[in-house]
1. Of the residues 121, 64, 95, which is over 15 Å from residue 12 (Cβ atoms) and modelled with pLDDT of 95 or more?
2. Here are some conditions: (1) out of contact with any helix residue (DSSP H, G or I) (no Cβ under 7 Å at 6 or more places or on another chain); (2) modelled with pLDDT of 95 or more; (3) closer than 18 Å to residue 36 by Cα. Residue 101 meets all but one. Which one does it not meet?
3. Pick from segment 4-35 the residues that are modelled with pLDDT of 95 or more and on the phi > 0 side of the Ramachandran plot: which of them is surrounded by the most Cβ atoms within 10 Å (Cβ to Cβ)?
4. Considering segment 35-48 alone, what residues qualify as being in contact with a helix residue (DSSP H, G or I) (Cβ under 7 Å, 6 or more places away or on another chain), free of Cβ contacts under 8 Å to residues at least 40 places away in the same chain and farther than 17 Å from residue 78 by Cβ?
5. Select from segment 66-94 the residues that are in contact (Cβ under 8 Å) with a residue 40 or more places away in the chain, over 22 Å from residue 118 (Cβ atoms) and surrounded by fewer than 16 Cβ atoms within 10 Å (Cβ to Cβ) and list them in ascending order.
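The values are calculated or read from the model by the stated rules, or taken from the named source; none is laboratory data. In this text, all values refer to a predicted model and were calculated from it rather than measured experimentally. Cβ placement follows ideal geometry from the backbone for every residue including glycine, while neighbour counts extend to all protein chains displayed.
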(Lines give C-alpha, C1' and ligand atoms only; values in the text may rest on other atoms or scores of the structure.)
Protein backbone atom coordinates (compact mmCIF):
# COMPACT_ATOMS: atom_id res chain seq x y z
CA UNK A 1 0.00 0.00 0.00
CA UNK A 2 1.29 3.45 -0.90
CA UNK A 3 1.62 6.28 1.57
CA UNK A 4 -0.52 9.28 0.59
CA UNK A 5 0.64 12.89 0.91
CA UNK A 6 -1.78 15.34 2.45
CA UNK A 7 -1.62 19.11 2.84
CA UNK A 8 -3.16 20.85 5.85
CA UNK A 9 -3.55 24.63 6.08
CA UNK A 10 -3.80 26.61 9.30
CA UNK A 11 -5.63 29.84 8.47
CA UNK A 12 -5.18 32.40 11.26
CA UNK A 13 -7.46 35.42 11.70
CA UNK A 14 -6.61 38.74 13.37
CA UNK A 15 -7.81 37.40 16.75
CA UNK A 16 -5.33 34.51 16.55
CA UNK A 17 -8.09 31.94 15.97
CA UNK A 18 -7.86 29.21 13.37
CA UNK A 19 -10.44 27.93 10.89
CA UNK A 20 -11.66 24.36 11.42
CA UNK A 21 -14.34 22.34 9.71
CA UNK A 22 -16.71 19.66 11.00
CA UNK A 23 -16.12 16.77 8.63
CA UNK A 24 -18.87 14.51 7.41
CA UNK A 25 -18.85 11.51 5.09
CA UNK A 26 -15.82 9.23 5.39
CA UNK A 27 -13.98 11.60 7.76
CA UNK A 28 -16.90 12.02 10.20
CA UNK A 29 -17.08 12.85 13.05
CA UNK A 30 -13.74 14.68 13.07
CA UNK A 31 -12.95 18.40 13.09
CA UNK A 32 -9.99 19.49 10.97
CA UNK A 33 -8.18 22.42 9.40
CA UNK A 34 -8.78 22.71 5.63
CA UNK A 35 -6.70 20.47 3.39
CA UNK A 36 -6.55 17.47 1.14
CA UNK A 37 -4.35 15.31 -1.01
CA UNK A 38 -1.45 16.51 -3.14
CA UNK A 39 -2.00 15.99 -6.87
CA UNK A 40 0.85 14.79 -9.09
CA UNK A 41 2.89 17.73 -10.39
CA UNK A 42 1.49 20.16 -7.82
CA UNK A 43 3.56 22.26 -5.39
CA UNK A 44 2.61 22.22 -1.72
CA UNK A 45 1.53 25.86 -2.03
CA UNK A 46 -0.64 25.18 -5.10
CA UNK A 47 -2.31 22.26 -3.36
CA UNK A 48 -2.98 24.36 -0.25
CA UNK A 49 -4.51 27.18 -2.29
CA UNK A 50 -6.62 24.77 -4.38
CA UNK A 51 -7.90 22.79 -1.40
CA UNK A 52 -8.78 25.90 0.62
CA UNK A 53 -10.62 27.40 -2.36
CA UNK A 54 -12.46 24.12 -3.08
CA UNK A 55 -13.53 23.65 0.54
CA UNK A 56 -14.14 27.21 1.76
CA UNK A 57 -14.18 29.57 -1.24
CA UNK A 58 -11.37 31.59 0.38
CA UNK A 59 -8.57 32.75 -1.90
CA UNK A 60 -5.44 32.57 0.24
CA UNK A 61 -1.97 33.95 -0.39
CA UNK A 62 0.84 31.46 -0.86
CA UNK A 63 1.10 29.75 2.56
CA UNK A 64 4.30 29.14 4.50
CA UNK A 65 5.66 25.69 5.39
CA UNK A 66 5.45 24.78 9.07
CA UNK A 67 6.40 21.12 9.22
CA UNK A 68 5.43 17.55 8.51
CA UNK A 69 3.53 14.86 10.40
CA UNK A 70 3.57 11.10 10.00
CA UNK A 71 0.01 10.08 10.87
CA UNK A 72 0.50 6.69 12.50
CA UNK A 73 -2.58 6.80 14.75
CA UNK A 74 -4.74 7.07 11.63
CA UNK A 75 -2.78 4.18 10.09
CA UNK A 76 -3.42 2.04 13.18
CA UNK A 77 -7.10 2.99 13.37
CA UNK A 78 -8.02 2.98 9.67
CA UNK A 79 -5.22 1.21 7.81
CA UNK A 80 -4.58 4.33 5.73
CA UNK A 81 -1.11 5.87 6.02
CA UNK A 82 -0.69 9.56 5.24
CA UNK A 83 2.15 11.98 5.65
CA UNK A 84 0.90 15.55 6.01
CA UNK A 85 2.69 18.72 4.99
CA UNK A 86 1.57 21.46 7.36
CA UNK A 87 1.22 25.04 6.09
CA UNK A 88 -0.07 28.32 7.53
CA UNK A 89 -1.38 31.59 6.16
CA UNK A 90 -3.10 34.73 7.41
CA UNK A 91 -6.85 34.88 6.82
CA UNK A 92 -7.50 36.89 3.64
CA UNK A 93 -10.81 38.20 4.94
CA UNK A 94 -14.29 37.06 4.04
CA UNK A 95 -16.43 34.20 5.29
CA UNK A 96 -15.68 30.53 4.78
CA UNK A 97 -18.44 28.92 2.71
CA UNK A 98 -19.60 25.30 2.62
CA UNK A 99 -18.35 24.57 -0.91
CA UNK A 100 -18.28 20.79 -0.37
CA UNK A 101 -21.23 20.06 1.95
CA UNK A 102 -20.82 16.32 1.39
CA UNK A 103 -17.36 16.58 3.02
CA UNK A 104 -17.78 19.39 5.55
CA UNK A 105 -20.90 20.34 7.53
CA UNK A 106 -19.66 23.58 9.16
CA UNK A 107 -16.72 25.97 9.41
CA UNK A 108 -15.87 27.83 12.60
CA UNK A 109 -13.07 29.83 14.18
CA UNK A 110 -11.57 28.48 17.37
CA UNK A 111 -8.68 29.21 19.69
CA UNK A 112 -5.78 26.88 18.86
CA UNK A 113 -5.63 25.84 22.53
CA UNK A 114 -9.32 24.81 22.46
CA UNK A 115 -9.66 22.56 19.41
CA UNK A 116 -13.11 20.99 19.06
CA UNK A 117 -13.28 17.24 19.61
CA UNK A 118 -12.99 14.71 18.17
CA UNK A 119 -10.11 16.21 16.18
CA UNK A 120 -8.36 14.69 13.14
CA UNK A 121 -4.83 13.51 13.95
CA UNK A 122 -3.10 15.35 11.07
CA UNK A 123 -4.87 18.60 11.99
CA UNK A 124 -3.98 18.29 15.68
CA UNK A 125 -0.33 17.64 14.74
CA UNK A 126 -0.22 20.65 12.40
CA UNK A 127 -1.49 22.93 15.17
CA UNK A 128 1.02 21.45 17.65
CA UNK A 129 3.91 22.01 15.22
CA UNK A 130 2.79 25.59 14.62
CA UNK A 131 2.36 26.36 18.33
CA UNK A 132 5.68 24.77 19.30
CA UNK A 133 7.64 26.22 16.37
CA UNK A 134 8.81 22.75 15.36
CA UNK A 135 9.04 21.13 11.94
CA UNK A 136 8.48 17.58 13.19
CA UNK A 137 7.38 15.74 16.32
CA UNK A 138 8.17 12.02 16.54
CA UNK A 139 5.31 9.61 17.18
CA UNK A 140 4.74 8.56 20.78
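1. Answer to the selection: 95.
2. (2)
3. It comes out as 35.
4. Passing the criteria: only 39.
5. 90
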